[in-house]
1. Using the Karplus equation 6.51 cos²θ - 1.76 cosθ + 1.60 (θ = phi - 60°), what ³J(HN,Hα) coupling, rounded to whole Hz, does each residue of segment 269-280 give in order, writing x for Gly and Pro?
2. Pairs of Cα atoms under 8 Å, at least six residues apart: use those to get the relative contact order of segment 51-139, whole percent.
3. How high is the FRET efficiency between D373 and R71 when r is their beta carbon distance and R₀ equals 51 Å, given to the nearest 0.05?
4. Classify segment 307-434 as rounded, prolate or oblate from the Cα gyration tensor: take a ≥ b ≥ c as the square roots of its eigenvalues, call it rounded if a/c is under 1.5, otherwise prolate when a/b beats b/c and oblate if not.
5. Need one word for segment 134-174: rounded, prolate or oblate. Basis is the Cα gyration tensor (sqrt eigenvalues a ≥ b ≥ c); a/c below 1.5 gives rounded, then a/b vs b/c decides.
6. Output the peptides 364-374, 272-282, 287-297 sorted from most to least packed, where packing is the average of other Cβ atoms within 10 Å over each peptide's residues.
7. How large a share of the accessible area of the chain, in percent, is made up of carbon and sulfur atoms when the probe is 1.4 Å and the other protein chains stay in place?
8. Express the accessible area of segment 16-71 per residue in Å², computed with a 1.4 Å probe while the remaining protein chains stay in the model.
Amino acid sequence: MTIRRVLVIAQDRLGEDVGGTSIRALELARQLARSFDVTLAGVGECPPRVADLPCVGYRPHDPRELAQPLRDADAVVSLPAWPLVTRRLSRSRARLVFDLYVPQTLEIARGFPGARPSLRRALTEYATDRLVDALREGHQFICATEKQRDLWLGAMLAERLVGPDRFDADPSLRNLIDVVPFGVPETPPGASAATGGPWSLAGIERGDELVVWNGGLWPWLDPFTAIRAVALAAERRPRLRLVFMGAAPQLPAQRTAERARDLARELGVLGRSVFFNDSWVPYEERGAWLVDASCALSTHGDHVETRFAFRTRLLDCFWARLPVVCTAGDELAERVARQGLGEVVRAEDVEGTADALARVLDRGREAYRAGLDRAAEELAWSEVARPLVAMLKAEAPPPPAPRARRPAHVLRSAAYRAGRAPLNLAGVRDWPRL
């Protein structure tokens, strides 16, 4: 079937305060719109048009608004979804392309520290169910790195979803699953105004050495090493300022932010060397926080999520030609080291992180410009989206042979649907909030 109309489904809101998954959906939709008629779907109320594309709103746990867009679509691009959305997708005639760039099961396994073991197990099981449903229902898949591709191919093999028909149709399996990294806009941000951005925070002045943490504070990250390193480095650099740019609304991120504030307060650097922005920076305004910074900082622990993660907010640093100090262990850290985009440090190494910050700040932004220019060119959205465009223009690979789901998987999905029915009737349409 020739693909003409594509529905791109975001799993978060589309508007000013967009998170990483919605940014990816939005930017991929922009690129697909050069070759197809594209409609966007975002959670909650959406304006009629976003990025000059038609847009509809929907609820992940009561997705009736997707009925007409799915009837119109020849293909759908979506992250793995909750059962009610997945049921609508599987019953449509559209080709289903699932985006597996977020290793959500690994995130959720670490994303609720201190929660009851039974709750963590349940959330992890549901995340795994969503992944398995996507692998079984999807016609094609994209992910962010070759490491991720290996992970998902292994999952498909374990579920017995890659048989002789698929191998015969495409021995490389690139038409089944290919790599589409997170990208960056083709034009770097311009110079910022004299006010706004980080300069709107009390205690930060022009001339300060500004280090930004430009993502959320999630439990699988390590803002505590970053705070301790800045506290140590500030003893020698009194105008060093670390700014946590965004306050994600999700509960795990809020709890991590509270712990980070407590540590900064305990070390006596809160409001002196470490600052927290209390709201999420609108997508179109993020450049103002990056163009005047001296360096970006991103630290995480040594755990399995790191190996398969793709720290998407670091891409904005490449876009803004901002050097990075980051923890080793993931795909982007390897790029930082390989292309000279900043410094890479060991996990939980406070002194090493402080020393790396000092080296980057002493060299200055311009010393990293050539490498950052090259990285931004390689990761432009127009470049990274090419495999997805080619995938939709090619014939879909043969579907896997039907196989029964595990009994526990079937029971969890049935329990979810049974529980959602009365909640939807009662107008409770946004729970659970994950």
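The values are calculated or read from the model by the stated rules, or taken from the named source; none is laboratory data. Keep in mind that what you see is a predicted model, and the values were worked out from it rather than measured. Quick reminder, even Gly has a Cβ in these numbers, built from the backbone with ideal geometry, and neighbours come from all protein chains shown. SASA here: full protein model, heavy atoms, side chains in, ligands and nucleic acids out. Shrake-Rupley method; radii C 1.70, N 1.55, O 1.52, S 1.80 Å.
1. Working through the residues one at a time gives 10, 5, x, 10, 10, 10, 10, 10, 7, 8, 9, 7 Hz.
2. Taking the mean separation of contacting Cα pairs over the length of segment 51-139, I get 27 percent.
3. My answer for the efficiency is 0.70.
4. Prolate shape, in that a/c is at least 1.5 and a/b is the bigger ratio.
5. Working: a/c = 1.56, a/b = 1.29, b/c = 1.21.
Prolate, since a/c reaches 1.5 and a/b exceeds b/c.
6. The most tightly packed comes first, giving 287-297, 272-282, 364-374.
7. Percent of accessible area from carbon and sulfur atoms in the chain: 51.
8. Values: 2290 Å² over 56 residues.
Dividing the accessible area of segment 16-71 by its residue count gives 41 Å².
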